[in-house]
Every structure is written in C-alpha cells, then in structure tokens.
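Just below is one structure, and these are the notes that go with it.
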Amino acid sequence: MFQRVPAVVRTFPTSGNKKSDFSGKWLRHFFACIRLSRGVNSYEYDVILCDNQLDLPRASLYGVFVPLMAFHVVRLLLRPWADEISAFFEGRVEDRQVDYARKEDAIKEIELMRETAERIREGEEKKQGLIIVDAKYGELISDSGYDGDRTIDVTIALQSLVSDSKLLLYDAAKSRLPGFYDPCPCEEKLLRVMYRFRGDLHKVIVKDDQPLCIPKQSHRLL
C-alpha cells in the first residue's frame with residue numbers, strides 16, 4: 001500500500017550570516033508488511049518495495065506475488081518431509097513406547113506357564129523330542145550372544161506351546177502370543193529359536209509376520 005509522509009521546510013537565521021535549514025518532503029512508499037505469529041506473540045516488519053507509483057506493477061509482481069507463490073510451492077513440496085522430521089523429534093512418542101500394561105501381563109503369563117513348560121520339557125526329554133533351549137524375540141542386533149536391551153526371553157512361552165514334539169506359529173505378529181509383548185514398537189522384530197531335537201542342536205530365525213514350524217532338518221547345526 002502507499003503511504004504519504006508530510007514534510008516541512010523552514011529556514012532559521014543564525015549569527016555570522018549562517019542559516020540553519022530544517023526541511024522535509026512528502027514521501028510516497030509502497031511497502032509490504034511481514035507478519036509472524038508464534039503462539040500468543042505476533043511480530044510485524046514493514047518492507048519498502050518502491051517509492052515511485054510508476055514502478056508499482058513491477059514491485060507488486062516481484063516483491064509480493066512471486067515470493068508468495070514460491071513460498072506455497074516450496075511448502076507443498078517439503079510438507080511430507082517436514083512432517084516426518086516433526087514426528088521423529090516431537091510427535092508419535094506414545095506410538096514408540098512400550099506398552100507397560102501388556103508387559104506386566106506377559107510377565108504374569110510366563111509365571112503361570114512355568115510349571116506347564118517344565119512338565120512338557122521333561123516329557124520331551126524322555127523321548128528326545130523338541131526342547132526349546134533358548135528363544136529371543138525383538139530387535140536382534142546380531143547372531144552373537146548379545147541381543148541388546150530391546151529383546152525379551154520367550155523360552156518358557158514357546159516350550160509351553162510344544163505338542164507331540166512339534167511347534168507351529170502362524171503368520172501373525174508374535175507379540176499377541178501368551179507370554180509375549182512388543183519390546184521395540186515401530187521397529188522390525190525377529191524371533192530366534194535354539195532348540196534340540198533327537199539330541200541335535202537346531203537354530204532358526206523368522207520375521208515377526210512369518211510362520212514358524214519346528215522341528216525341521218534344515219535348521220540342524222553341523
């Protein structure tokens with residue numbers, strides 16, 4: 001918008017034939033107002049685009065419309081990326097947190113399964129059947145013995161599911177099984193099982209949504 005600024009010109013006589021002048025003039029400016037609102041605070045800054053009405057069309061085009069269009073285009077292109085960054089640093093924290101209520105339930109279920117798992121294990125040992133030596137579920141770091149703090153021990157839970165020297169888990173999230181919970185939400189999870197069958201040690205690793213069927217000859221360790 002244009003704004004007029006009044007001015008005054010006046011001469012004051014002084015000693016020594018010198019004069020002091022106080023002058024001013026009418027100014028006509030076309031300016032843009034930049035406003036930033038952050039919560040309850042608002043900031044404004046006026047930017048003079050031109051002081052000549054003849055340059056008004058060009059000043060309007062390059063000073064207002066082009067930057068405004070560029071801003072909206074850039075925001076449209078970068079919005080998905082910005083949302084991901086914002087979600088990583090600010091939001092969705094609750095989605096990444098462990099369900100501690102479910103964790104407590106899983107711990108209680110393990111205690112209830114312990115006697116059943118021991119009885120099944122003793123029966124399998126007598127006939128050299130399926131014995132779960134070690135089972136870990138979660139964010140497995142490597143095949144080494146160290147699995148990190150985002151895994152849980154599900155040895156008892158799996159042993160209690162053994163029937164007639166067989167164990168079958170369908171292609172569904174393992175965290176829904178009795179004695180299981182999700183130790184690393186929003187991360188890829190694996191299930192690693194070390195088991196003994198017919199006196200031989202076996203090992204298998206499956207993804208969270210893959211079925212598990214043991215024993216298998218292909219799992220046998222040499």
Exercise for review: Quick one: divide the alpha-carbon radius of gyration of the stretch 100-219 by 2.2 N^0.38 Å and tell me what you get.
Suggested key: 1.01
Study note, to complete from the structure: Expressed as a whole-number percentage, the relative contact order of the stretch 100-219 with C-alpha contacts under 8 angstrom and at least six residues apart is 31 percent
Exercise for review: Would you mind computing, in nm to one decimal, how far apart the modelled labels at residue 35 and residue 201 are, each placed 7 Å from Cα along Cα→Cβ?
Suggested key: 7.3 nm
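Using the Cβ atoms and a cut-off under 11 Å, what net charge is assigned to the surroundings of residue 196, where Lys and Arg are +1 and Asp and Glu are -1?
0
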Exercise for review: With a 10 Å radius around each residue's Cβ, average the other Cβ atoms per peptide and rank 198-209, 126-137, highest first.
Suggested key: 126-137, 198-209
**Study point:** Charge-dipole axis of the stretch 100-219 as Lys and Arg at +1 and Asp and Glu at -1 on Cβ define it, positive-most pick from 158, 193, 128
**Key:** 128
**Study point:** Distance violations [Cα-Cα > 19 Å] among 136/207; 108/189; 136/203
**Key:** 108/189
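No value in this document is a laboratory result; all are computed from the given coordinates. Nothing here was measured: the structure is a model prediction, and the numbers come from that model. Neighbour counts are summed over all protein chains in view; Cβ atoms, including those assigned to glycine, are modelled from backbone coordinates with ideal geometry.
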